[in-house]
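First comes the structure, then the notes that go with it.
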Number of protein chains: 2
Amino acid sequence: MKIDPNNPADLSAQIASAIRDAIVAGDLIVDARLPSEAELAEQFQVSRATVREGLKRLAAQSLIRTQRGASGGAFVNRLSFEDAYSQQVTTSTLLLSMNAVSFDTACEARYALERACAPLSAARRSADQLATMRAEIFRQGQPGLTDEAFCASDVAFHRALVDSAHNPVLSYQLAGAVEAMQPLMNMITFTARDRQTILALHSRIADAIETGSGSDAVAGLAALEEETRKLARDVFTRRRTKA
Amino acid sequence: MKIDPNNPADLSAQIASAIRDAIVAGDLIVDARLPSEAELAEQFQVSRATVREGLKRLAAQSLIRTQRGASGGAFVNRLSFEDAYSQQVTTSTLLLSMNAVSFDTACEARYALERACAPLSAARRSADQLATMRAEIFRQGQPGLTDEAFCASDVAFHRALVDSAHNPVLSYQLAGAVEAMQPLMNMITFTARDRQTILALHSRIADAIETGSGSDAVAGLAALEEETRKLARDVFTRRRTKA
DNA sequence: GAAATTTTATTTGTCAGACATTTAAAAGTC
DNA sequence: GACTTTTAAATGTCTGACAAATAAAATTTC
């Protein structure tokens, strides 16, 4: 692990990079202890403050964890799917909001990916996840539910659908696509009739998952995508005429 | 933006969290300038070093950028798809290698997601991306290509396929799934006959994309998944009998 | 001799102050 | 008015110090 001493700025980034590369390359395995900050400072010929800034960068990506005290230090962290989920959701949310991604583009991506899951979900769903889906459908039918709560329940329903595929890699990749759309969905006002329509489609999808029919689930998702886009179109045309 | 002064450890993480929340909530918009480090130190009642550690955490996630000099400072960064790609690839790669994800699980996720892209790619592919796919197929047929170069070309081919959908959200989500598999694929030794088989399937997929037939592309991808899994199975059984 | 307690050493977390470097704006010069 | 010089503000880095946590070693107690 070496850094470039000719570039006296950005030292902390270089240090982070060097250590990150060592982790990715497998030179530092999970739970391995890094040298102490003082030792790293000597190795890289920089001050302890600079080393610390570099380590904080790695901590922000959950690549290391630190522990105080004797025999403490910085340890290579086992990157858990859970840790990765939340980062993925934050990143995806900001990507959508900062890059003016259209509702249609985000929606298309989300449903294309969900349809990819559906056949696997139908084949493997556990009773637990099916129960979650049914429970969320029930919640969505409750009167007096705010639009935001309705959207949150919608996300929970789709999460259960995705998780039914029992493939953590798929769940991880989809977490971003599904949850990042929530702020966009929150802009929609759902009338009682809108909710009924969505609820019926959710039931249709849940039924397909229960009976193990992947193609029915895919068809249900396609119909749901259609409906979602229609609602969004209505919102935007209404906004435009109002403004 | 407030932090908890009762918890005198983890201050830099709290500061990062507070600022990150402000960005996600939209209180700090793109290109907004944060207060100077000295001002933040006073606001949060901590030292400048602690503020800096917090800011480095945000920089590691590409949420802010810094600029030296008068009228410099920390600015909210527009999170670009490009920045997000590389983070996504690093994270996905580590997730697979650190969590003992099986080849089959990763492969299943990857091809399920790619098949989700295929119909869109067939409908929208540009001449440019088709040319890239053809060029990579040609490269894959060259004699004397190392296995690693073959894998790299394979990734480039699939990237072009995914990008053909012209949906940046899809491209972003898939970057991780496709590229993170490269280390796994690198464990495979490709015989001349293996390469011919893969090449033929790639041609079949490219043809389908060219003629705009999504279903043919999906079928080609399914066949390619089958072939990939078979090769991996062979490697692992050979390893096992050898060991 | 074993258990409980105290001490010690190590390591991270934070702070304060200093200087170097970069950079844009202000001031000065021709 | 255009060019040069100065100045001020900001980040980047360094040094040295102390606080707090923690495990191991040393000591005391029974």
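The values are calculated or read from the model by the stated rules, or taken from the named source; none is laboratory data. The model shown is predicted, which means the values in this text are computed figures rather than measured ones. Reconstructed Cβ throughout: ideal geometry from the backbone, glycine too, with neighbour counts over all protein chains shown. Only protein heavy atoms, including side chains, enter the accessible area calculation; ligands, DNA and RNA are left aside. Shrake-Rupley method; radii C 1.70, N 1.55, O 1.52, S 1.80 Å.
If you build a Gaussian network model of chain A, linking Cα atoms that sit under 10 Å apart, which residue out of A:Ala127, A:Ala156, A:Ala222 swings the most?
Ranking A:Ala127, A:Ala156, A:Ala222 by mean-square fluctuation puts A:Ala127 first.
A:Arg238 label points, 7 Å along Cα→Cβ, one per copy: pairwise distances from this copy to the rest in nm, shortest first?
For A:Arg238, the inter-copy label distances come out at 6.2 nm.
Across peptide A:186-197, what mean number of C-beta atoms from other chains lies inside 10 Å of a residue's C-beta? It would help to have the intermediate numbers written out before the result.
Details: counts 0, 0, 0, 0, 0, 0, 0, 0, 0, 0, 0, 0.
Across A:186-197, the average partner-chain Cβ count within 10 Å equals 0.
Which of these, A:Arg52, A:Arg124, A:Arg139, has the largest mean-square fluctuation under a Gaussian network model of chain A (Cα springs below 10 Å)?
Looking only at A:Arg52, A:Arg124, A:Arg139, the largest GNM fluctuation is found for A:Arg52.
Starting from the Cα-Cα distance between B:Gln196 and B:Ala49, subtract it from 0.36 nm times their residue separation and give me the gain in nm to one decimal.
Numbers: separation 147, 0.36 × 147 = 52.92 nm, distance 5.82 nm.
Gain on stretching B:Gln196 to B:Ala49: 47.1 nm.
What does the range B:71-211 give for Rg and for Dmax, in Å, if only its C-alpha atoms count?
Just the Cα atoms of the range B:71-211 yield Rg and Dmax of 16.4, 62 Å.
Starting from the residue with the highest accessible area, list A:Leu145, B:Leu63 in decreasing order, probe 1.4 Å.
Values: A:Leu145 40, B:Leu63 5 Å².
Accessible-area ranking of A:Leu145, B:Leu63, largest first: A:Leu145, B:Leu63.
Any chance you could check the Cα centroid distance between the range B:128-163 and the range B:184-243 for me, in angstrom?
When both Cα centres are located, 13 Å separates them.
If you find the alpha carbon centre of the range B:14-53 and of the range A:42-57, how far apart are they in angstrom?
Measuring centre to centre over Cα atoms gives 21 Å.
Roughly speaking, to the nearest percent, how much of the range B:11-76's 1.4 Å accessible area is carbon and sulfur?
Values: 1470 of 3160 Å².
Heavy-atom surface of the range B:11-76 belonging to carbon and sulfur, 1.4 Å probe: 46 percent.
Give me a single rounded figure for A:48-60: the average over its residues of other chain Cβ atoms within 10 Å of their Cβ.
Values: counts 0, 3, 0, 0, 5, 9, 2, 2, 12, 7, 3, 7, 13.
Average per residue, whole number: 5.
Could you check which residue among A:Ala109, A:Ala70, A:Ala118 shows the biggest mean-square fluctuation in a GNM of chain A with a 10 Å Cα cutoff?
Answer for the Gaussian network model of chain A: A:Ala70.
Run the helix sum for chain A: -39,500 (n - 2.57) per DSSP H stretch of 4+ residues, divided by residue count, reported at 222 nm to the nearest 500 deg cm²/dmol.
-23500 deg cm²/dmol
Would you mind giving the average projected area, over all directions, of the Cα convex hull of chain B in nm² with one decimal? Intermediate values should be presented prior to the final figure.
Numbers: hull surface 71.2 nm².
Answer in nm², one decimal: 17.8.
What accessible area, in Å² to the nearest ten, does a 1.4 Å probe give for A:Asp216?
Around 80 Å² of this residue is reachable by solvent.
With an 8 Å Cα cut-off and a minimum separation of 6 or more residues, compute the relative contact order for the range A:84-238 in percent.
Numbers: 179 pairs, mean separation 57.2, N = 155.
So the answer I get is 37 percent.
Can you tell me the relative contact order of the range A:15-124? Whole percent, Cα pairs under 8 Å, sequence separation 6 or more. Let's see the in-between values first.
Numbers: 74 pairs, mean separation 25.6, N = 110.
Normalised by residue count, the contact order of the range A:15-124 is 23 percent.
Take the solvent-accessible surface of the protein heavy atoms, probe 1.4 Å, and return the percent of it on the range B:81-242 that carbon and sulfur atoms account for. If you can, show how the numbers build up before the last one.
Numbers: 3570 of 6690 Å².
Heavy-atom surface of the range B:81-242 belonging to carbon and sulfur, 1.4 Å probe: 53 percent.
Stick to the Cα atoms of the protein assembly as shown, pair each with every other, and give me the Kirkwood hydrodynamic radius in Å at one decimal. Don't jump to the answer; show the numbers that get you there.
On the way: mean 1/r = 0.0407 Å⁻¹.
With all distinct Cα pairs of the protein assembly as shown included, I get 24.6 Å.
Note down the magnitude of the dipole of chain B about its Cα centre, charges +1 on Lys and Arg C-beta and -1 on Asp and Glu C-beta and zero elsewhere, to the nearest 20 debye.
On the way: 27 positive and 29 negative charges, 100 e Å.
The dipole magnitude comes to about 480 debye.
Which is farthest toward the positive dipole end of the range B:1-126 among B:Ile19, B:Met98, B:Ile64, measuring Cα position about the Cα centre, with Cβ charges +1 (Lys, Arg) and -1 (Asp, Glu)?
Of the options given, the answer is B:Ile64.
Just want the answer: with Cβ charges of +1 for Lys and Arg and -1 for Asp and Glu, which residue in B:Ala206, B:Thr191, B:Gln88 is farthest toward the dipole's positive end in chain B?
After comparing all options, I get B:Thr191.
So the label point sits 7 Å from Cα along the Cα-to-Cβ vector; using that for A:Phe138, what distances do you get to the other copies, in nanometres, sorted shortest first?
Going from nearest to farthest copy, the values are 6.2 nm.
Say R0 is 22 Å: what FRET efficiency, to the nearest 0.05, do B:Ser86 and B:Asp10 get from their beta-carbon distance?
Efficiency, from the Cβ-Cβ distance: 0.20.
Rounded to two decimals, what is Rg over Rh for the range B:11-76 when you use alpha-carbon atoms and the Kirkwood radius? Please report the intermediate quantities before stating the final value.
Numbers: Rg = 10.8 Å, Rh = 11.7 Å.
Checking Rg against Rh, the ratio lands at 0.92.
Just the number, please: buried accessible area between A and B, total of both chains, 1.4 angstrom probe, nearest 100 square angstrom. Intermediate results must be reported in sequence, preceding the final value.
Numbers: alone 13190 and 13200 Å², together 22190 Å².
Looking at A and B, the buried total is near 4200 Å².
Would you mind getting the accessible area per residue of the protein assembly as shown, heavy atoms of the protein chains only, 1.4 Å probe, in Å²?
Numbers: 22190 Å² over 486 residues.
Result: 46 Å² per residue.
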